[in-house]
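The structure appears below as structure tokens.
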Amino acid sequence: MTSKQTRMRSGQLSLALVGVGLIAFIGTLMETALNVTLPAMMTQFSVSLTTVQWLTTGYLLVSSWMMIINARLVQRYSLRFLLGVGTGGFLVSLVICSLAPSFPYLFGGRILSGVCMGICIPLLFTVITRYAPRSRLGFFMAVGVTITALAPALGPTYGGIVLRFFNWRWIFLLSLPLVLGGWLLALVALPREQINAPNQNFDIKGFVWLVLLLTTFQLLVTSGGRKNGLIFTLLLVLCGGMVSGCWRHIQRQPQPVLAATLFTNQRFGIYFTAYFILQAVNVALGGFLIPNFLQLVWHQSAFIAGSAMLPGLLIRIGLMPLAGKWFDHLNHKGVGQHLIYGGTTVVGVSMLILGHLAHGSVQVGLLVGVYVLYNAGLALAISNLMTTSIQAVATTETADANALLNTAQQYSGGIGIALVATLINRQGVPAGFYWSLVRLALGIAAVIFLVISGRKLINTKNN
């Protein structure tokens, strides 16, 4: 460790998690809160769906840039300092967005928000992995993942409620006091750390490589909806070259910006991949696809579209901490992964049912019921995938694993939304919605395959 850690009492840890968790919650809520306003913004700012969706995907992309270097930041700076920089900048960005007179100003504010939340959100898991008892790691990780996985899906509900009574600018204004309150709570609870950072140069070249790679891949996914296949082909070749160059650079660095060598750990690689796919589905389905489908195809109001998400989200709130406790209990018996198998199966089945409903008549109540089933399965799987990923690495590698998982949480959401928007642009909203769900369900099938394929390895390791 690069900092002299102070033990935290249970009450102090709880207060710190409430403060940092509130900031992380608002930050992840802002990822998708604008999604129910996209039809209105398309009209107000005279932009297309492909352009306006960058308010979300751009936010997710730049926040993933910052999460890449989280492990290095927490080695060099105290949690209190990083939280102050990130939260202060986020408050400024909320003001900019609420006053934005045109689309470029709003987009600029969103980019600043993404940068700041890329600093703040991983700090929630840094507090957990640094100060939570190892024997209760599953429970505390479930609490953390509840916050970061629930908020993007809750975003459309929040946005729809705000639009019911105000306009979209209040989405940002109402968040200001909550962020400020969380900051004050965290400052009271977080201990003052003595940082003994090693005298190492920051891997700027590696950071630039990764930023270019993530951005190029994002553009690659987005360009798939265009008729010009040449652009897609060029981006695909460029992306492949960047992967090769980035990997060679990381292998030569004694202290790379991102510990990609963790993927040589098969257990970590399996669970990380499953976690990435589930997060992409989580944000793309509940945070973008269903709310816009309800408005554009079933002609429901933004309020109804947002409210339809709420019952499922309440189920997820209640189940996810319990799933963490169940995992801790079952993991002592060596069968904790069964929760992941069951959860991913339920998610895949519920998504296929949703795809079938999209071809029928308007049945909002039935859609809500199936979305509840989907959230129940997600609650059993997603936080436990993160916990097993952390447990698969050595204690000295926890910060790097945490940085990778938080980067995946943000970046996968942007990829999921871009993929769905691309399919819709190519096939039209009704057909695009149906086939998007089918493809996402196939992704869940891939998750199940990946996890089960690692079962023999995991059981061998445990024995």
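Once the Cα-Cα distance is subtracted from the 0.36 nm per residue extended length, the Gln253 to Ser301 segment shows a gain of 12.0 nm.
When the chain is described by a simple charge dipole with +1 on each Lys and Arg Cβ and -1 on each Asp and Glu Cβ, the residue from Gln363, Leu330, Val62 located farthest towards its positive end is Leu330.
What does the extension gain come out to for Leu238 and Thr396, with contour length at 0.36 nm per residue minus their alpha carbon separation? All intermediate terms of the calculation are to be shown ahead of the outcome.
Details: separation 158, 0.36 × 158 = 56.88 nm, distance 3.41 nm.
Additional length available on full extension: 53.5 nm.
How would region 1-124 be classified by its alpha-carbon gyration tensor: rounded, prolate or oblate, with rounded meaning a/c under 1.5 and the a/b versus b/c comparison settling the rest? The shape class here is prolate.
In the chain, taking the dipole from charged Cβ atoms about the Cα centre, the farthest positive-side position among Tyr77, Leu230, Leu213 is held by Tyr77. Projecting the Cα atoms of Val92, Ile317, Gln251 onto the charge dipole of the chain (Cβ charges, centred on the Cα centre) puts Gln251 farthest toward the positive pole.
Per-residue 3J(HN,Hα) values for region 207-218, derived from phi via the Karplus relation 6.51 cos²θ - 1.76 cosθ + 1.60 with θ = phi - 60°, read 4, 4, 4, 5, 4, 5, 5, 4, 5, 5, 5, 4 Hz in sequence order (x marks Gly and Pro).
What's the carbon and sulfur percent of the chain's accessible surface, probe 1.4 angstrom, rounded to a whole number?
Values: 11970 of 17980 Å².
For the chain, the apolar C and S fraction of the accessible surface comes to 67 percent.
Highest mean packing comes first when the peptides 305-311, 282-288 are listed by Cβ atoms within 10 Å, giving 282-288, 305-311. Shown here are the Rg and Dmax of the Cα trace of region 248-313, at 19.4, 56 Å.
To the nearest 10, the accessible area of His356 is 130 Å² with a 1.4 Å probe. Approximating the spin labels as points 7 Å out from Cα along Cα→Cβ, the Leu184-to-Ser48 distance works out to 4.7 nm. When only the Cβ of Lys, Arg, Asp and Glu is charged (+1, +1, -1, -1), the dipole of the chain relative to its Cα centre reaches about 700 debye.
Please give the contour-minus-distance gain from Arg267 to Val95: 0.36 nm per residue of separation, less the Cα-Cα distance, rounded to one decimal in nm.
Details: separation 172, 0.36 × 172 = 61.92 nm, distance 4.33 nm.
Extending this stretch completely gives an extra 57.6 nm.
The values are calculated or read from the model by the stated rules, or taken from the named source; none is laboratory data. Source: prediction; values computed, not measured. Because the Cβ atoms are built from the backbone with ideal geometry, glycine has one as well, and the counts that use them run over all protein chains shown. We work out accessible area using only protein heavy atoms, side chains counted, and drop any ligands, DNA or RNA first. Shrake-Rupley method; radii C 1.70, N 1.55, O 1.52, S 1.80 Å.
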